Amino acid sequence: MTNYRQKKATGKFGTMPVFFTALSTILGAILFLRFGWAVGQLGFVGVMGVIILGHMVTIPTAMSVAEIATNQKVRGGGAYYIISRSFGLNIGAAVGIALYLSQAISIAFYVIALGQAFLPFLSWISSEYGIVIYDIRMINIPVMILLSLLMLTKGANVGVKALYGVVVILFASLACFFLGKSDIDPSEVNLVAHVANNKSFFYVFTIVFPAFTGLAAGLGLSGDLKQPEKAIPRGTIWATVVGLVIYIAIAIKFTYSVTPDQMAGSELIMSDIAIWGPIIPIGLAAASMSSALGSIMIAPRTLQAIGADGIFSNDKINSWIAKSRPTDKEPINASYFTIAIAMVFVVVGDVNFVAEIISMFFMITYGTICLISFLEHFAADPAYRPTFRSHWIISLIGTIASFWVMFKMNLPYAAMSLLFMGIIYFMITRNKNEKRGFNKLFRGVIFQVSRELQVFAQRADRGSREEGWRPFAICISSDTFKRRGAYDFMRWLSYKYGSGTYIHYIKGFLNEKTRDESQDVLQRLLRLTSVVKSRVYLDTIISPSYTSAIAQVVQLSGISGRGNNLILFEYSRNSIDNLQDTLSNYELMVSSGFDICILNSSYKGFGSKREIHIWISPEDYQNANLMILLGYILLGHKDWHKGFIKIFSIAPEGKKDLERELLVKQIKEGRIPIHPSNVEILKGRGGVTRKEMIRERSMDADLTILGFLSKDLKKGVEKFEGYEDMGNLLFVGAHQQKAITTPENEV
């Protein structure tokens, strides 16, 4: 798929257009048409809750935008560019398309609001000339056509130039409003008074929230700014703060000027308060006109940036959307498409319905931006060096507030919005293999969390017996791709009770060739083990000899933050070369202080993973508890969920009952799930060796666990031979005796 590169910003504007674009949107249609209604519905205290909650979303978003924008070159596409370059194109496109739709639908919202500004004029025409216009869409549709023609012919310059005039009219309107009369005695003001049968808090919040979305308008100019990394932070933060102060002041003015019923009953109640009433419809018209022009200017640029990144599966569609007009670089085709969407919603004509739609999509965008900032803090990426720094708590508050409020506003709409984004994400993922940003952030976060946990675990570890023993195992093998027994055993050990590291040994000296080979082997390991659920950490080691490899491995730090305490070796019953290599290093293994396990893999493998036989000899005083614990740990894995343990011991005549009593008592106190009937004490038979008795009883076992002592390692392979046709064997040598019970349960 062709990837269209983002075009560098032409750089015409500074900070003030960002500030004025954002502020004129904040102080726009909602302020004039719905804010008085909101105060009437909820009362002063309730509407202050709306303002505070809204700014719990917008202020963290503004600070997150400032942070992300000062870390990278920001080009055309505004919030979409920021998200896609931080989270990756897949996530960026899913959010970007939702953002684009909200911007495109916002055009309709502002045009519908602009139509409301004509109501006093239409009322005058009706009374003077008898001309009645019953459907306001007869005004809205021509206005939409005129604005579209203006933007298509004049481009962004006309929108930015109009901003300054709009701001003058806005502040003149607000000045007239604040200087207006009050019919209420201040001593009679009730800060919690509201209309009877009022709307719910979150319904009112949903209708009013578009007033707080001005920062997105400022972001959309990113491709037309000289220094977006400076203009965006300054413009958006100042516009958000100034807007917050003005809204609080207006709420106070409403409360002290008119009753809740008056506020809820008139859309243009500000006209009744202002010292010159006609300035309010003029201000509404100016603000709506500016916001509509701003949205017509911004939405196509977002869509153009999406097309420029080659997001859609068809190259012709991407090329058509990304096309600019040669004369002034305006996104002409994206503008046509945007105007068509806006016209559909203008025809619908319901301002509350449109407000709910854009609130939902803006909320998703804001929540995602805050989430990016939050994750960047924890990922601790050295490449993330913004010149403006927010705090991770602020970003977290914005993230939680955005997604929580989204579901409180309208649960079905929220679910559909997230489903819509999910569908877009998976559609794009199928056609575009781009996961860099998403993986990068989360890998960084996981790395930081893992590092902190490891350090904490290491410092908390005092080698105390009170904690009981658990396996922190490591395995080294050169036969990974021949036999899976050792890996499976590590997988079972680390599933629930411990952690495991599996290392594939590559013989040779470290150089460029062996390093590349080790990387290829590691990727092969990851592919082979991806089909099973595993918590084993995989790695490779390059060393000139098996002895040096073992010496390196036993000195590795455990991935759990605690040192490893058990090492596993493996050899095939058909070839004892690996066993001889292992035994030749017995002094190194013993001196390491590790518990040692040697797995003897047979052609039977682990069979049906049902029967585990543990053979305890009189010499296994030090090994017995570890052997029983390993059997118990294996049963904790779902592969062995139907398994059970049998314990066998060979005792001299006259001591069988005592031996059995001791074993049963040990098992009960340790709460090991072994039924007493599965503990069998055998009498030695003259002329029958122990190995023969083991073969006789455990020929069909899926795993047989036997003990050995360090002195047995010196004798060579004799201890480990003579078990033909049996299933897998595990030889266990404990460095020291393990406690099955915790100290408070010991007797």
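The values are calculated or read from the model by the stated rules, or taken from the named source; none is laboratory data. Quick caveat, the model's predicted, so the values are computed rather than measured. Note that we place each Cβ from the backbone using ideal geometry, even for glycine, and neighbour counts take in every protein chain shown.
Among (1) more than 17 Å from S548 (Cα to Cα); (2) more than 31 Å from the chain's Cα centre (by Cα), there is one condition I506 misses while meeting the rest; what is its number?
(1)
Of I616, I598, I612, which residue is more than 41 Å from the chain's Cα centre (by Cα) and under 17 Å from G500 (Cβ atoms)?
Testing whether each residue is more than 41 Å from the chain's Cα centre (by Cα) and under 17 Å from G500 (Cβ atoms) leaves just I598.
Let's see how each residue does on (1) in contact (Cβ under 8 Å) with a residue 12 or more places away in the chain; (2) in the same structural domain as C597 (by TED's automatic domain parsing); (3) in contact with a Ser or Thr (Cβ under 9 Å, 6 or more places away or on another chain):
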residue	(1), (2), (3)
K646	yes, yes, yes
I650	yes, yes, yes
D657	yes, yes, no
L662	no, yes, no
I667	yes, yes, no
P673	yes, yes, no
E692	no, yes, no
K714	yes, yes, no
K719	yes, yes, no
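Confirm whether S464 is surrounded by fewer than 21 Cβ atoms within 10 Å (Cβ to Cβ) and at pLDDT 65 or above.
no
Within segment 490-519, how many residues are among the aliphatic types (A, V, I, L, M) and in a strand (DSSP E or B)?
Of the residues in segment 490-519, 2 are among the aliphatic types (A, V, I, L, M) and in a strand (DSSP E or B).
Is it the case that some residue within segment 653-672 is on the phi < 0 side of the Ramachandran plot, hydrophobic (A, V, I, L, M, F, W, C), in a loop (DSSP other than H, G, I, E, B) and touching a helix residue (DSSP H, G or I) at 6+ places or on another chain (Cβ under 6 Å)?
So far as segment 653-672 goes, yes, one or more of its residues are on the phi < 0 side of the Ramachandran plot, hydrophobic (A, V, I, L, M, F, W, C), in a loop (DSSP other than H, G, I, E, B) and touching a helix residue (DSSP H, G or I) at 6+ places or on another chain (Cβ under 6 Å).
Which fully enclosed helices (runs of 4 or more DSSP H) of segment 284-395 have 3 or more residues being of a type in the set (G, A, S) and under 29 Å from the mean Cα position of the chain (by Cα)?
So the answer is 351-379.
Quick check: is even one residue across segment 4-16 surrounded by fewer than 24 Cβ atoms within 10 Å (Cβ to Cβ), modelled with pLDDT of 90 or more and either under 30 Å from S319 (Cβ atoms) or over 32 Å from the mean Cα position of the chain (by Cα) (or both)?
Checking segment 4-16: not a single residue is surrounded by fewer than 24 Cβ atoms within 10 Å (Cβ to Cβ), modelled with pLDDT of 90 or more and either under 30 Å from S319 (Cβ atoms) or over 32 Å from the mean Cα position of the chain (by Cα) (or both).
Tell me yes or no: at least one residue of segment 593-614 is hydrophobic (A, V, I, L, M, F, W, C), touching a residue at least 60 places away in the same chain (Cβ under 8 Å) and out of contact with any strand residue (DSSP E or B) (no Cβ under 6 Å at 6 or more places or on another chain).
No.
A287: aliphatic (A, V, I, L, M), farther than 30 Å from I91 by Cβ and surrounded by 22 or more Cβ atoms within 10 Å (Cβ to Cβ), yes or no?
yes
Check G54, G96, G36 and return the single one that is surrounded by fewer than 24 Cβ atoms within 10 Å (Cβ to Cβ), at pLDDT 75 or above and not polar (S, T, N, Q).
G54
Would you check which residues across segment 142-196 are under 23 Å from A342 (Cβ atoms), modelled with pLDDT of 70 or more, surrounded by 14 or more Cβ atoms within 10 Å (Cβ to Cβ) and not aliphatic (A, V, I, L, M) and list them?
S148
Exactly one condition in (1) outside the structural domain of F489 (by TED's automatic domain parsing); (2) surrounded by 15 or more Cβ atoms within 10 Å (Cβ to Cβ); (3) not hydroxyl-bearing (S, T, Y) is false for N511; which is it?
The one condition N511 does not meet is (2).
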